[in-house]
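**Student:** Handing you a structure now.
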Amino acid sequence: MVSSKINICYITTQINAYSETFLARLKEGLEGEIFHCYGGSMPFRSLRGHLMNYNTPSVFDVIKKRLGLITCSLAEYYLENYLKINKIHVVIANYGTTGLAVINVTQRLGIPLIVQFLGFDASKFDVVKLYTSHSSNLFKSVAAIVVVSEEMKNDLIKLGAIPDTITKLTCAVPEKFFDNSANLLSNQILAAGRFVEKKAPYLTLLAFQEAQKIDPTLHLKFVGNGELIGVVKDLVKVLSIENVIFAEPATSDELIMEMTKSFCFVQHSKQAENGDKEGTPVAIMEAMAVGLPVVSTRHGGIPDVIIDRVNGLLVNEKDVIGMANAILELAQNRKLAKQIGLNAKQTIIEFYNMQNYYKRWNQLISRVAHGRNWPIIKRNLMT
């Protein structure tokens, strides 16, 4: 277990972002003193202690920079001082891009860095090029890498990551999802998540359209927002698709309520044109925890969690007809839907509960903080 004397700098790009609730959940379960910094890949704000805003530096710091008394960027200078003042022992950078931004600082101070990759940061073409050019600095100096899927692990190894530094820690689901169950009696299909290309809500819509041709009683509810929502709404109008409802992003309690009123959860994830891929979508796991059968794709970390026709139904990316047929199979065979839902719930309870997730994270932090499995031989943990 992690000692309470270990000071952890926990870095996220945003604070209280709807799409990153799992990062807030993770922070709640970390043991030790947490110093949460945020504000982009290189943070400039903190929820604890003072982290100066390098966007508006003091006059004295500008003068020192011009005189060459500060040799690094002001962003690095302020973060370095913050880590020193607060006697930080371990830094956790959420997203590979954040790891790239702070690696020089942690390396200079000899503070072990854990980088958690979550999706786009391990797949988007313009981002992975950065690791190739910086690989000798990030992949060879990082204390530990956390990934959320087997595919992501393999992708990072191809980019130069050291296999022994990689730990797979798929996101987990809070117990309150286990405490609820889908009744599977309605004709509502639920799709919840951001309207972005890799989640392909327009393909979900087209699959629904095909299923509705066979069963007109079906209806689809989208919960979420994003850059493609206008496109999807236009398609609904242009194609005259009926029984489609759009709702704003929901709280976890509201989402659970929608899940209990649905008979299946649908997400047609695919690789975007710019290379962006999913990690392991948390919404899919939350639906499974409620006992809601999921219809999704063989993409990213989804097959790590869903075994086709055991605890969910999987189709290939862009297979709209296949997804429509899977939806219809669940609609027409509620006994099958119930069994798949029960299997899904058991999978999440057994393998993806928060207690085990926190335990494994804290064990990793303990190993890193005490120098075990850290590729840098010499380190300088501050006392």
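**Student:** Take the Cα coordinates of the range 29-156, assign each an equal point scatterer, and use the Debye formula without solvent to give log10 I(q)/I(0) at q = 0.17, 0.18 Å⁻¹.
**Tutor:** Debye output, listed in q order: -0.93, -1.02.
**Student:** While we're here: Can you give the accessible area of Arg25 in Å² (nearest 10), computed on protein heavy atoms with a 1.4 Å probe?
**Tutor:** Only protein atoms counted, so the area is about 40 Å².
**Student:** Show which lysines lie in cross-link reach of Lys27 when reach means a straight Cα distance below 17 angstrom and same-chain residues fewer than eight apart are skipped.
**Tutor:** Lys5, Lys359
**Student:** Another question about this same structure. Arranged from highest to lowest average of other beta-carbon atoms within 10 Å per residue, in what order do the peptides 155-164, 311-320 appear?
**Tutor:** Averaged packing, sorted descending, gives the order 311-320, 155-164.
**Student:** For the range 247-298, what is the convex hull volume of the alpha-carbon atoms per residue, in Å³?
**Tutor:** Given the Cα convex hull of the range 247-298, per-residue volume reads 99 Å³.
**Student:** Which of the lysines could be linked to Lys233 by a straight reach, that is with a Cα gap under 29 Å, when you skip same-chain ones fewer than 8 residues away?
**Tutor:** Lys124, Lys198, Lys199, Lys213, Lys221, Lys261, Lys270, Lys277, Lys318
**Student:** Let me ask you something else. Accessible area per residue, 1.4 Å probe, Å², for the range 12-89: what's the number?
**Tutor:** Per residue, the range 12-89 has an accessible area of 53 Å².
**Student:** Now, a different point. Starting from the Kirkwood Rh over alpha-carbon pairs, what translational D in µm² s⁻¹ does the range 268-366 have by Stokes-Einstein at 20 °C and 1.002 mPa s?
**Tutor:** In µm²/s, the coefficient is 150.
**Student:** Ignoring ligands, DNA and RNA, please state the percent of accessible area on the chain from carbon and sulfur, probe 1.4 Å.
**Tutor:** Carbon plus sulfur share of accessible area: 52 percent.
**Student:** Under a plain spin-label model, where a point goes 7 Å from the Cα along Cα-to-Cβ, how far apart in nm are Ser133 and His370?
**Tutor:** A separation of 4.1 nm, rounded to one decimal place.
**Student:** Sticking with this one: Pull out a ≥ b ≥ c, the square roots of the eigenvalues of the alpha-carbon gyration tensor of the range 228-317, then state rounded if a/c is under 1.5, prolate if not and a/b is larger than b/c, and oblate in the remaining case.
**Tutor:** oblate
**Student:** Helix-only estimate, please: 222 nm mean residue ellipticity of the chain, summing -39500 (n - 2.57) across DSSP H runs of length 4 or more and dividing by its residues, to the nearest 500.
**Tutor:** -13000 deg cm²/dmol
**Student:** Next up: Given the chain, what percent of its DSSP beta bridges are antiparallel, to the nearest 5?
**Tutor:** 5 percent
**Student:** Among the aspartates and glutamates, select those whose C-alpha is under 18 Å from the C-alpha of Lys64, and discard any that sit fewer than 8 residues away in the same chain.
**Tutor:** Candidates past the 8-residue exclusion: Glu76, Glu80.
**Student:** Would you mind telling me which residue in Asn333, Asn274, Asn187 has the biggest mean-square fluctuation in a Gaussian network model of the chain, where springs connect alpha carbons within a distance under 10 angstrom?
**Tutor:** Answer for the Gaussian network model of the chain: Asn333.
**Student:** Report the Cα-based extents of the range 1-64 along its three principal axes, largest first, to the nearest Å.
**Tutor:** On the principal axes, the range 1-64 reaches 45, 31, 14 Å in Cα extent.
**Student:** May I ask you to rank His370, His50, His219, His36 by accessible area, largest first, using a 1.4 Å probe over the protein chains only?
**Tutor:** Of His370, His50, His219, His36, the descending order of accessible area is His50, His370, His219, His36.
**Student:** If you average 1/r across every pair of different Cα atoms in the range 190-341 and take the reciprocal, what Kirkwood value do you get, in Å?
**Tutor:** Result for the range 190-341, one decimal place: 15.2 Å.
**Student:** Apply the a/c threshold of 1.5 to the C-alpha gyration tensor of the range 182-258 and tell me whether it is rounded, prolate or oblate.
**Tutor:** Verdict is oblate for the range 182-258.
**Student:** Expressed in nm², what is the orientationally averaged projection area of the convex hull enclosing the Cα positions of the chain?
**Tutor:** 19.5 nm²
The values are calculated or read from the model by the stated rules, or taken from the named source; none is laboratory data. Here the structure is a predicted model, which is why all the values come from computation and not from measurement. Reconstructed Cβ throughout: ideal geometry from the backbone, glycine too, with neighbour counts over all protein chains shown. Remember, those area values only see protein heavy atoms, side chains included, never the ligands or the DNA or RNA. Shrake-Rupley method; radii C 1.70, N 1.55, O 1.52, S 1.80 Å.
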